[in-house]
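One structure is given here, and the rest of the page talks about it.
Values quoted throughout were computed directly from the atomic coordinates according to the rules given, and no laboratory measurement underlies them. If you're wondering where the values come from, they're calculated on a predicted model, not measured in any experiment. As a convention, Cβ positions derive from the backbone with ideal geometry for all residues, glycine included, and neighbour counts pool all protein chains shown.
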Number of protein chains: 2
Amino acid sequence: MMLDERKIKILAAVINDYIATAEPIGSRTIARKYRIGISPATIRNEMADLEELGYLSQPHTSAGRVPSHKGYRFYVDFLMPVKRLDERDHTLIHRIFNRRINELEQLVKEAARVISKLTSYTTITMGPQLETSRLKHIHVNRIDENRGLLLTVTNYGTVGHHIIDIPQNINDSDLLRISNILNSNLAGKTLSEITNDIMDAIKDEMIEYDEILNILLEILLENLGDSQDNTPVISTGSSKMLDYPEFQDVEKAKNFFSLLEQHELIIKALKSSSKPNAITVTIGNENPLTELQDLSIVTSSIFIDGKDLGVFGIMGPTRMEYSRVISILEQVTDYLIKTVSTML
Amino acid sequence: MMLDERKIKILAAVINDYIATAEPIGSRTIARKYRIGISPATIRNEMADLEELGYLSQPHTSAGRVPSHKGYRFYVDFLMPVKRLDERDHTLIHRIFNRRINELEQLVKEAARVISKLTSYTTITMGPQLETSRLKHIHVNRIDENRGLLLTVTNYGTVGHHIIDIPQNINDSDLLRISNILNSNLAGKTLSEITNDIMDAIKDEMIEYDEILNILLEILLENLGDSQDNTPVISTGSSKMLDYPEFQDVEKAKNFFSLLEQHELIIKALKSSSKPNAITVTIGNENPLTELQDLSIVTSSIFIDGKDLGVFGIMGPTRMEYSRVISILEQVTDYLIKTVSTML
DNA sequence: ATTTAGCACTCTAAGAACGAGAGTGCTAAA
DNA sequence: TTTAGCACTCTCGTTCTTAGAGTGCTAAAT
């Protein structure tokens, strides 16, 4: 059976109301609030149909209806009202992107913060993937007699710094030479291309600097691999999450927070949910990871010039303000792409 | 009335038991568990005295006793058993400080993580105070035709980096000159000493570089002021905090998390609690900030050569494993001071 | 053929009543 | 001074009850 117009209207009404109130919606409520011109009894019949079709369900026999995951899916695909952001939302987003921020990481962090603030859900951010991130610049600076600063900059503008010990026998022109050699050998490579082989080649080239090169290369290998870009940044207004009726039960809340602490799981979830250059919505049991099946995830992946700069994700109860979340994510993504484009 | 030995024994028993179980402790329990050789009735009398003296209180007339803030204070000052850390704790701490970490910030972050892990309470960290932090090294590196990297290193080893635009007319030797000038003018100054006056002096010295200097100085002023060192880092195993019976009520948990989100308040709390070079315990209403009066805070401030490198704080319910927390904090502080001393 | 009014039925959530259990304070005996 | 005994208090979990919301079905109305 296809959904006729009236069923669709009723479904939309139920879902909109449920998203707003978190209470099961009964036929009376709909008849009263949305003047469709039919009686509760008729609505009841329609709702029974909708339930049979899998769009709604009942918490128990004599309660109103709540949307099923399938219902939410239909809603997101076809029914969702386009939510225009209001003045306050816009200005807040604006303010962030108007500050001159030159570093991708900082920018992303700020963006996550504003999203979390605007949506009151948990925001997760993942930086550019290792595979696509290229080393752009390497340099060793001296900061005092026996200490130096190893700098790495990727093509995404991510800066890494590490304080290192500089052996006695290395002077400033040595450092310059080393920086140059590292640059010419490593710049342009993706992080995963920097293997022990290349490292060994460099060492062969400059046996006189063996000691310091060992230090440098060790740090490079160790830190580029699991740099911060790869770990998710999580901005959770924990206290705000506890406002949702879904988390009134401490046990449920604890589950949620524990999930957030399992970074590998979160990474997997974001990766599997997100699609290049698009906003995706993963609802409840659509998620392959069983632990996340009563949550929904909305992601937006930031693509510029075909390069994956990372993913924003929002996690919350399946009863989520999808339309608002999506608008905000669209908006922020837009700004971000504009801003970053000028940076690269 | 002074506390005689028997009263003290009973007080210790009540507090130890209450810390372990979070249940009000009755006279029977004590008679059974701690064989003091007196009957429950006698214990009851003593407990009534202890209550009158303000060391214990009753949640309601027919319940057991729980420690009052005054009771905890006495416990911390005189009764607390010295808790030796066990093997597992030691090895965990060891592992962290054995990794070669060259940067203060990273080190502190790791230390906070391990404390939070070992204690299951919320750990807060505050970096060195602005007033004492001195600029050690400034440098501008070029990373491509029109982009550069402004680096700042403080005497604590905190590294700051900022990507900047480099005007067309500036070449590499200009950059070097600029770096040198900045260094000679600013190195050694505390961050708060770097005022507009000094900046103007520098600009006067090098009018030909006006454009880029403006950019650099603006960033310096803007970012050194409210650098990360000044904001508290909070490691909260949120999910673990939710295990404590004190936070079983969602409302209470929400309060706690909201508090953590008010950074200014947290900063104030840590500042007013901590004492140079010492471990402090602030129990419940001893805290001047009313919002924190049913929590306890244990702090340890890291002092080296008379310089304040920052503060660790642990926040949790007043029913806290004080002796364990203090041992862990002592231990970590020790290691940290040793490690950092070699760094400076 | 739909729609709707009417009604019996179901289930929950909130409150009332109740008893068990833990603990107390007091009294009087040891 | 200590302790046994006992009456008393308060909480907490259980059971019972009831009001209310909502349903599904039937039969009448459109």
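Give the dimensionless ratio obtained when the Cα radius of gyration of region B:1-126 is divided by 2.2 N^0.38 Å. Don't skip to the end; give the middle numbers.
Numbers: Rg = 19.5 Å, N = 126, 2.2 N^0.38 = 13.8 Å.
This ratio for region B:1-126 stands at 1.41.
Provide an ascending nm list, one decimal, of label-point separations from A:M2 to the equivalent residue in each further copy; define each label point as 7 Å from Cα along Cα→Cβ.
Shortest to longest, the spacings are 9.5 nm.
What do you get for trypsin sites (Lys or Arg not before Pro) in region B:277-344 restricted to DSSP loop and a cutoff of at most 13 other Cβ within 10 Å of the site's Cβ?
Taking region B:277-344 and a limit of 13 other Cβ atoms within 10 Å, no loop trypsin sites (Lys or Arg not before Pro) are found.
Using only Cα atoms, what Kirkwood radius does region B:60-159 have, in angstroms? All intermediate terms of the calculation are to be shown ahead of the outcome.
On the way: mean 1/r = 0.0545 Å⁻¹.
After inverting the pairwise mean of 1/r, the radius is 18.3 Å.
Where nothing but the Cβ of Lys and Arg (+1) and of Asp and Glu (-1) is charged, how large is the charge dipole of the protein assembly as shown around its Cα centre, in debye to the nearest 20?
2800 debye
Whole Å is fine, so just give me how far the alpha carbon centre of region B:127-171 lies from that of region A:227-290.
36 Å
Give a quick list of trypsin sites (Lys or Arg not before Pro) in region A:66-139 that DSSP marks as loop, anything other than H, G, I, E or B, with at most 16 other Cβ atoms within 10 Å.
A:K83, A:R84, A:R99, A:R100
Quick check: the angle from helix B:172-186's long axis to the longest principal axis of chain B, C-alpha only, nearest 10 degrees?
Computed tilt is about 50 degrees.
Cα axis of helix B:87-98 to longest principal axis of chain B: angle in degrees, 0 to 90, nearest 10?
Helix B:87-98 sits at roughly 10 degrees to that axis.
Given the DSSP H assignment, sum -39500 (n - 2.57) over each helix run of at least 4 residues in chain A and divide by its residue total; what's the result at 222 nm in deg cm²/dmol, nearest 500?
-14500 deg cm²/dmol, from helical runs alone.
Above 35 angstrom, tally the Cα pairs of chain B and express them as a % of all pairs, no decimals.
39 percent
Under a straight-distance cross-link criterion of Cα-Cα below 20 Å, which aspartates and glutamates are reachable from B:K275, leaving out those fewer than 8 residues away in the same chain?
B:K275 reaches B:D77, B:E131, B:D229, B:E264, B:E286, B:D305, B:D308, B:E330, B:D334.
Going 7 Å from Cα along the Cα-Cβ axis for the label, what nanometre distances separate B:T21 from the same residue across the other copies?
Values, ascending and in nm: 4.6.
At 25 °C and 0.890 mPa s, what whole-number value in µm²/s does Stokes-Einstein give for the translational diffusion of region B:186-326, with Rh from the Kirkwood sum over Cα pairs?
Numbers: Rh = 18.0 Å.
Taking Rh from Cα pairs, D becomes 136 µm²/s.
Taking B:K252 in one copy and the same position in all the others, each labelled 7 Å out along Cα→Cβ, what are the pairwise distances from the first, in nm, shortest first?
Distances between equivalent label points, in nm: 2.1.
Any chance you could check the Cα centroid distance between region A:19-62 and region B:11-58 for me, in angstrom?
With region A:19-62 and region B:11-58 each reduced to a Cα centre, they are spaced 58 Å.
How would B:T158, A:T61, B:T21 line up from fewest to most surrounding beta-carbon atoms within 10 angstrom?
Ascending number of Cβ neighbours within 10 Å: A:T61, B:T21, B:T158.
Mind checking the alpha-carbon convex hull of region A:131-229 and giving the volume per residue in Å³?
Enclosed volume per residue, from the Cα hull, is 84 Å³.
Starting from the Cα of B:K7, draw a straight line to each of the lysines and keep only those under 23 Å, dropping any in the same chain fewer than 8 residues away.
List returned: B:K33, B:K70, B:K83.
Provide the three semi-axes, in whole Å and in decreasing order, of the ellipsoid equivalent to region B:5-79 as defined by the square roots of 5 times the Cα gyration tensor eigenvalues.
Ellipsoid half-lengths, sorted descending, are 16, 14, 12 Å.
Could you state the principal axis extents of the C-alpha atoms in the protein assembly as shown, from the largest down, to the nearest angstrom?
84, 79, 51
If the cut-off is a Cα-Cα distance under 26 Å, which lysines reach B:K254, setting aside same-chain residues fewer than 8 apart in sequence?
The reachable lysines, counting only those whose Cα sits under 26 Å from B:K254, are A:K109, A:K117, A:K240, A:K252, A:K254, B:K109, B:K117, B:K240, B:K268, B:K271.
Could you state the angle between the C-alpha long axis of helix A:322-343 and the longest principal axis of the C-alpha atoms of chain A, as a value from 0 to 90 degrees rounded to the nearest 10?
Compared with the principal axis, the helix lies near 20 degrees.
Would you mind ranking A:D334, B:D174 by Cβ crowding within 10 Å, fewest neighbours first?
Details: A:D334 13, B:D174 17.
Fewest to most other Cβ atoms nearby, the residues stand as A:D334, B:D174.
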